[in-house]
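Shown next, in structure tokens, is the structure this report addresses.
The values are calculated or read from the model by the stated rules, or taken from the named source; none is laboratory data. Given the structure is predicted, the values throughout are model-derived calculations rather than measurements. Positions of Cβ are generated from backbone atoms using ideal geometry, with glycine treated the same way; all protein chains shown enter the neighbour counts. Surface accessibility is based on the protein's heavy atoms, side chains included, excluding ligands, DNA and RNA. Shrake-Rupley method; radii C 1.70, N 1.55, O 1.52, S 1.80 Å.
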Amino acid sequence: MDMPLFPDFDWDGYFWITTAHIPAWIGYQARGGAYGTLSWESPSAGLVRIVFAPEGRDDAPMQPEEVAMMQWAIEHGDCVEQATAQAIFKMYPEWQSRFDEDEVSEFMPDIKTVADLKNLIGVTNINVHQISAAGLPYIGIEFGCKWDNEHGIGVLLHGTRVVDIGGADTAILLWMAKQDAKQQQS
């Protein structure tokens, strides 16, 4: 049985993309502007852009196993959001320590809970890489953030396990996913 493609799935000249409503991302900043900038002042309604194979894939039609990876990312959006938010919350104090007192109050105020991140960050792309391991896809979540308009935040996951966290490129780089997949086989 063939798996159906997403109704609005499209090749944009660079990537296979779609937009999906993932309730877990409701309330974060709306970061759909250029380079992850704020696209509007009101919080996100949970509509996110999903990119398949942000590196190294051509415009050939997607195969059923690739569509399944995209579907997994959408269907498990709540678990992906929880793992990602926890990783960012854990790193936040370290990132915050790199700023002086005036910058902290303006860009990186103290936060007490994971939910406090929603006022400071927002998803720009969910990248689903074209590789998987043990039946789970590699997913990179790209964020725009209040404190770094140039580099943003990127979290690479294997399923819901955080592989790495850093700048937005962490969510895009295929070699990082391949390296982790190779380590998982060892």
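So which residues in the range 131-154 are open to solvent by less than 40 Å² (accessible area, probe 1.4 Å), out of contact with any helix residue (DSSP H, G or I) (no Cβ under 6 Å at 6 or more places or on another chain) and under 30 Å from Ser186 (Cβ atoms), if there are any at all? Before you say what the answer is, go through the steps one by one.
Restricting attention to the range 131-154, the residues satisfying the condition of being open to solvent by less than 40 Å² (accessible area, probe 1.4 Å) are 131, 133, 137-145, 147, 152-154.
Pick out the ones that are also out of contact with any helix residue (DSSP H, G or I) (no Cβ under 6 Å at 6 or more places or on another chain) and you get 143, 145, 153.
Result: Ile153, single match.
If you scan the range 51-77, which residues turn out to be small (Gly, Ala, Ser) and not in a loop (DSSP other than H, G, I, E, B)?
Ala68, Ala73, Gly77
Counting only residues that are in contact with a Lys or Arg (Cβ under 6 Å, 6 or more places away or on another chain) and open to solvent by 80 Å² or more (accessible area, probe 1.4 Å), how many does the range 65-115 have?
Residues meeting the conditions: 0.
For the range 151-163, indicate whether the set of residues that are over 12 Å from the mean Cα position of the chain (by Cα) and more than 29 Å from Met62 (Cβ to Cβ) is non-empty.
Yes, the conditions are met somewhere in the range 151-163.
With respect to Gly56, determine if the residue is of a type outside the set (Val, Ile, Thr), loosely packed, with under 12 Cβ neighbours inside 10 Å, in contact (Cβ under 8 Å) with a residue 24 or more places away in the chain and closer than 24 Å to Met176 by Cβ.
It is true that Gly56 is of a type outside the set (Val, Ile, Thr), loosely packed, with under 12 Cβ neighbours inside 10 Å, in contact (Cβ under 8 Å) with a residue 24 or more places away in the chain and closer than 24 Å to Met176 by Cβ.
Can you find a residue that is more than 13 Å from the chain's Cα centre (by Cα), at pLDDT 90 or above and within 19 Å of Asp116 (Cα to Cα) anywhere in the range 53-73?
No.
Among the residues in the range 110-124, are any closer than 23 Å to Ala83 by Cα, in contact (Cβ under 8 Å) with a residue 24 or more places away in the chain and basic (Lys, Arg)?
Yes, that holds for at least one residue.
I need the full set of residues from the range 34-52 which are more than 13 Å from the chain's Cα centre (by Cα), under 26 Å from Met176 (Cα atoms) and either hydroxyl-bearing (Ser, Thr, Tyr) or open to solvent by less than 50 Å² (accessible area, probe 1.4 Å) (or both), in order please.
Those that are more than 13 Å from the chain's Cα centre (by Cα), under 26 Å from Met176 (Cα atoms) and either hydroxyl-bearing (Ser, Thr, Tyr) or open to solvent by less than 50 Å² (accessible area, probe 1.4 Å) (or both): Tyr35, Thr37.
For the range 1-24: of the residues being buried (at least 17 other Cβ atoms within 10 Å of the Cβ), touching a helix residue (DSSP H, G or I) at 6+ places or on another chain (Cβ under 6 Å) and not β-branched (Val, Ile, Thr), which is modelled with the lowest pLDDT?
Ala20
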